[in-house]
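First up is the structure itself, then whatever we jot down about it.
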Amino acid sequence: MATLPTYFVSHGGGPWPWMKEQTGTAYDRLSASLQAMRQEHGDAVRAVLVVTSHWEAPRFMLSSGAAPGMIYDYGGFPPHTYQIRYPAPGDPALAGRAARLLAAAGIDAELDPERGFDHGTFSMLYPAYPEAGMPVVQMSLRRDLDPAAHIAAGRALKPLRDEGVLIVGSGLSFHNLRQFGPAGKAASHAFDAWLQHTLLELAPAEREASLLRWSEAPQARAAHPREEHLIPLMVALGAAQDEATACVYHEDDFFGSLAVSSFRFGAG
């Protein structure tokens, strides 16, 4: 079986795939990049493990229900977006396997059979798997948001890549909701330039060291006042630690002015 790459995806805002009437062409490039993620790997993928920026816990948690429900973790959107159903199956066996891999690395992990899909998962997966047939397991962030701990978790989960599991960190490379528009232009572009340089140009050891110090990057705290939307990247990187990076989605004018990006780690 082929070794799958890992991804960090800038997942967009709220339930955007169900808001074409409101958003027009704003998400066309993101949607195309998510469709390409599926097309590049085809039948090699048997399940997706989503590290979601919308779930935090004292230890790493894994959704282990067979039929996860829905979590509408957004506000102010059209009424129909609170009726969305994304009925992808869970994968209890995969959740257990991931928890055991983390435990073997000395990392506390726990199963949650009740956790439903949040929009960091269902909005991001819908363009790639609109038929909702691909089994999905969600993994939480650890609440301390420690970059090193999340890189270590990714490293522990690396064997899943040889087992048909696509590991996707779902966040956003710029996440300052108070400056989501022209006010965030300078910060988003400065931080994105640093992220592109770090991930695409540095050697693996330097790349990791730089990410551990991400808060020292240009405009880091303006781009991420709180870093939960960046930390899924650390897990994706950790699971493909010494492998090449590619930028698979980039916009300079997201919401009219913001720079946002998604990345692949490992061969496409």
Those residues of the range 104-121 which are in contact (Cβ under 8 Å) with a residue 60 or more places away in the chain and not polar (S, T, N, Q), in sequence order: Arg115, Asp118, His119, Gly120
Complete set of residues in the range 39-60 that are over 25 Å from Leu101 (Cα atoms) and in contact with a Pro (Cβ under 9 Å, 6 or more places away or on another chain): Glu40
Residues satisfying the stated conditions in the range 55-69, i.e. more than 18 Å from the chain's Cα centre (by Cα) and surrounded by 15 or more Cβ atoms within 10 Å (Cβ to Cβ): Ser64, Gly65, Pro68
Residues within the range 75-100 that are surrounded by fewer than 16 Cβ atoms within 10 Å (Cβ to Cβ) and either in contact with a helix residue (DSSP H, G or I) (Cβ under 8 Å, 6 or more places away or on another chain) or among the small types (Gly, Ala, Ser) (or both), tallied: 6
Flag for Arg155 being within 24 Å of Val248 (Cα to Cα), over 18 Å from the mean Cα position of the chain (by Cα) and surrounded by 17 or more Cβ atoms within 10 Å (Cβ to Cβ): no
Only listed residue being hydroxyl-bearing (Ser, Thr, Tyr), surrounded by fewer than 17 Cβ atoms within 10 Å (Cβ to Cβ) and closer than 14 Å to Arg264 by Cβ, chosen from Thr3, Thr23: Thr3
Residue among Phe263, Phe255 that is within 29 Å of Leu160 (Cα to Cα) and among the hydrophobic types (A, V, I, L, M, F, W, C): Phe263
Hey, Met124 surrounded by fewer than 21 Cβ atoms within 10 Å (Cβ to Cβ), touching a strand residue (DSSP E or B) at 6+ places or on another chain (Cβ under 8 Å) and at negative phi or not: no
Strands (runs of 3 or more DSSP E) completely within the range 1-96 that count 2 or more residues being under 18 Å from Val260 (Cα atoms) and in contact (Cβ under 8 Å) with a residue 12 or more places away in the chain: 6-10, 47-57
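None of the figures in this text is laboratory data; all of them are computed from the coordinates on show. Treat the numbers as computed from the prediction; the structure is a model and nothing was measured. Reconstructed Cβ throughout: ideal geometry from the backbone, glycine too, with neighbour counts over all protein chains shown.
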